[in-house]
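Participant: My structure is below; once you've seen it, I'll send some questions.
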Amino acid sequence: MKSISRSWHPLRFPGGLSFGAALLGIALLALPHAALADEYPDRPIHLLVPFVAGGPADIIGRLYATFLGELSGQSIVVENPAGASGVIGMEKAMRAKPDGYTLVLGSTTTMAGLNQIFMKNVPYDYDRDFTTIGLIANAPHVLAVRSSLPAKSFSEFVALVKGAPGKYTFSSAGPGTIVQMGGEIVKRYAGLDILHVPFKGGAPATMAVIAGTVDMTINDLTTLDTYIRKGDLRALAVANPTRLERLPDVPTFAELGLPKIVSSTWWGIAVPKGVPPEIGAELRAMHDKIIHDRDFIARLKSMSVEPLDLTPERTSAFIRSEGEKWKLVAASAHLPAQ
């Protein structure tokens, strides 16, 4: 009897798809997200810093990018879509594909709702449109006056201002910035009638005080430290719960009987809402390693910045409390939206 030769032919589905290919497709669809995340990251990651190049946010963002690049094994491309107090960059980040390859460096202004307080029709909502990976650093504010001002202490400054309401001035980096809010919180809780003079950035705001055209500013030490040490500015108080290592002789507002005057510039990392949980977990794991790295911490401290290490639960509570605090201060000062 003649044997029948059997040659195997793959079963074909409509459109020419083989049975084997179909099974492979089904397997890939069923593959857990965790397995797909095993390959993350497999290409460069973009970090959006929505502030000008060369400023404190940019310096901290690029430092973070250096450490993230080493951990991830990928290039970290830093971009500066600056403008509108960070709104331009935040909108760009919001519209990016939520795949873990676009991160954004947020700040007090962009994460705690200051933009929504002071600007109309802001295109993003932080809670709705972003997921926080973690906070990075905190730069407590210092109240500094021009060196020619007679006041040698905060109590003398208060007496000077209260003796001539509306005469004295404070500078800021612009309307609605955290630097203005630092001045406003001092006005609120110290009961001062002092005029706000906005500038386009922290540097010109500081130079105006040094030149003597403005009397006071309140900003972080990344901007003020050099001038305080040179004697161009006189530090009178620290808007932090504890004294600063670099200014051990300058009292906190709490020590001066004003514990509600707490103000700082802080930064964190976020991604567009919708990033797969497994990739978010990978980013958080790398973030955790970065903020606990001794070299990273030392680099922050060299810039007069403190690491900000909070659990995810405390991070959410911190951002929420900051937003509530600044809303209250803005409302009490009757600050209008621009």
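The values are calculated or read from the model by the stated rules, or taken from the named source; none is laboratory data. Just so we're clear, the structure is a prediction, and the values are computed from it rather than from any experiment. Here the Cβ is made from the backbone with ideal geometry for all residues, glycine too, and neighbour counts use every protein chain on show.
Participant: Working only within the range 237-284, note down all residues that are surrounded by 15 or more Cβ atoms within 10 Å (Cβ to Cβ) and of a type in the set (Val, Ile, Thr).
Facilitator: Passing the criteria: VAL238, VAL250, THR252, ILE261, VAL262, THR265, ILE269, VAL271, VAL275, ILE279.
Participant: Now for a different question. Sort out for me the helices (runs of 4 or more DSSP H) sitting completely within the range 90-192 that have 1 or more residues that are not assigned by TED's automatic domain parsing to the domain that holds ALA281.
Facilitator: Answer list for the range 90-192: 154-163, 178-190.
Participant: OK, next. Could you check the range 194-214 and list, in sequence order, the residues that are within 23 Å of ALA84 (Cβ to Cβ), in contact (Cβ under 8 Å) with a residue 60 or more places away in the chain and not in a helix (DSSP H, G or I)?
Facilitator: Matches in the range 194-214: GLY201 only.
Participant: Shifting gears a bit: If you take the residues of the range 29-42 that are within 18 Å of ALA285 (Cα to Cα) and part of a loop (DSSP other than H, G, I, E, B), which of them is modelled with the lowest pLDDT?
Facilitator: Going through the qualifying residues, I end up with ASP38.
Participant: Inside the range 306-336, can you point out the residues that are assigned to a loop (DSSP other than H, G, I, E, B) and under 16 Å from LEU135 (Cβ atoms)?
Facilitator: LEU308, ASP309, LEU310, THR311
Participant: Can you say whether LEU149 is surrounded by 20 or more Cβ atoms within 10 Å (Cβ to Cβ) and of a type in the set (A, V, I, L, M, F, W, C), as far as the supplied structure shows?
Facilitator: Here the answer is no, as LEU149 does not meet what is asked.
Participant: Restricting attention to the range 285-305, which residues are loosely packed, with under 14 Cβ neighbours inside 10 Å, of a type outside the set (D, E, K, R) and assigned to a helix (DSSP H, G or I)?
Facilitator: Selection gives ALA285, ALA298, SER302.
Participant: Working only within the range 306-325, note down all residues that are of a type in the set (S, T, N, Q) and buried (at least 16 other Cβ atoms within 10 Å of the Cβ).
Facilitator: Scanning the range 306-325 gives a single hit, THR315.
Participant: While we're on this one: Just name the residue that is surrounded by the fewest Cβ atoms within 10 Å (Cβ to Cβ) out of those in the range 217-236 that are in a strand (DSSP E or B) and among the β-branched types (Val, Ile, Thr).
Facilitator: ILE218
Participant: Just wondering, is there one or more residues in the range 232-243 that are without any contact (Cβ under 8 Å) to a residue 40 or more places away in the chain and within 15 Å of VAL145 (Cβ to Cβ)?
Facilitator: Looking for residues that are without any contact (Cβ under 8 Å) to a residue 40 or more places away in the chain and within 15 Å of VAL145 (Cβ to Cβ), one finds none in the range 232-243, hence no.
Participant: Find all pairs meeting these conditions: Cβ atoms under 7 angstrom apart; at least six residues apart or on different chains; first residue within the range 244-259 and within 17 Å of GLY182 (Cα to Cα) and in the same structural domain as MET303 (by TED's automatic domain parsing); second residue exposed (fewer than 15 other Cβ atoms within 10 Å of the Cβ) and of a type in the set (Phe, Trp, Tyr).
Facilitator: Taking only residues 6 or more apart or on different chains, not a single pair turns up.
Participant: Out of SER75, SER107, SER85, which single residue is within 15 Å of ILE269 (Cβ to Cβ) and of a type outside the set (Phe, Trp, Tyr)?
Facilitator: Selected residue: SER107, the only one of SER75, SER107, SER85 that is within 15 Å of ILE269 (Cβ to Cβ) and of a type outside the set (Phe, Trp, Tyr).
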